[in-house]
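Here's the structure, in structure tokens; my notes come after.
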Amino acid sequence: MAETHDVDELTEALKDLFSNVSDIIKADLQGTNNTLKLLENMNLKVAEEYKGFGDVASGLRVFVEQLKAKSDNFDEYVRQIDAIEQQVTDLEVVISMLDKYVSLLESKVQSAYKMPTSSP
């Protein structure tokens, strides 16, 4: 039974870890999206005020496109973390089922050998 408790603690710790990492990445993604919106607005303003400076506006557009690509990468990371969280949840279910099965087998073995049951 101590093994079950250890497995449950490990499972919970893994779940918390992945949840925290997911939260961090989501926060970074939100920050990147806010920066992207700000840069897009700045780019429009620069383009209006400095129509003659096409190179500056073009450079900002390239920078914004690079930020958009990074934002897409963060979205993929978040999807991967969500998938990992689902796998952890599925693993918890399997561990629980195995724990019940092991307990049943222990009970049958003890019953077969008429051994006293140990208290957890």
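Bear in mind that the values in this text are calculations on the coordinates, not laboratory data. Being a predicted model, the structure only gives us computed values, none of them experimental. For neighbour counting, all protein chains shown are included, and Cβ atoms are generated from backbone atoms with ideal geometry for every residue, glycine included.
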Task: Segment E85-H5, extension gain: residue separation times 0.36 nm, minus the distance between their alpha carbons - done: 26.8 nm
- [ ] Could you pull out the chymotrypsin sites (Phe, Trp or Tyr not before Pro) across region 15-120 that fall in loop regions by DSSP (anything but H, G, I, E, B) with no more than 10 other Cβ atoms inside 10 Å?
- [x] Y113
Task: Relative contact order %, region 1-90, counting alpha carbon pairs below 8 Å whose residues are six or more apart - done: 48
TODO: Report, to the nearest 10°, how far helix 2-49 tilts away from the longest principal axis of the Cα atoms in the chain, using its own Cα long axis and a range of 0 to 90°.
DONE: 10
Open item on the list: Helix-only mean residue ellipticity at 222 nm, the chain, DSSP H runs n ≥ 4 weighted -39,500 (n - 2.57), per residue, nearest 500. What is it?
Closed with: -33500 deg cm²/dmol
Task: Cβ-derived FRET efficiency at R0 25 Å, D55 paired with D75, nearest 0.05 - done: 0.20
Task: Option label - volume of the Cα convex hull per residue in Å³ computed here, alternatives (i) 94; (ii) 129; (iii) 72 - done: (iii)
Open item on the list: Just want the answer: with Cβ charges of +1 for Lys and Arg and -1 for Asp and Glu, which residue in A47, V64, N20 is farthest toward the dipole's positive end in the chain?
Closed with: A47
Task: Cα-centre dipole for region 20-104 with unit charges at Cβ (Lys and Arg positive, Asp and Glu negative), debye to 20 - done: 280
Open item on the list: Which one, K68, K26, K100, has the greatest fluctuation when you compute a Gaussian network model over the chain with C-alpha springs under 10 angstrom?
Closed with: K100
TODO: Subtract the Cα-Cα distance of E40 and S103 from 0.36 nm times their separation in residues, and report this length gain in nm to one decimal.
DONE: 16.6 nm
TODO: Take the Cβ-Cβ distance between I95 and D23 as r, set R0 to 25 Å, and report the resulting FRET efficiency rounded to the nearest 0.05.
DONE: 0.55
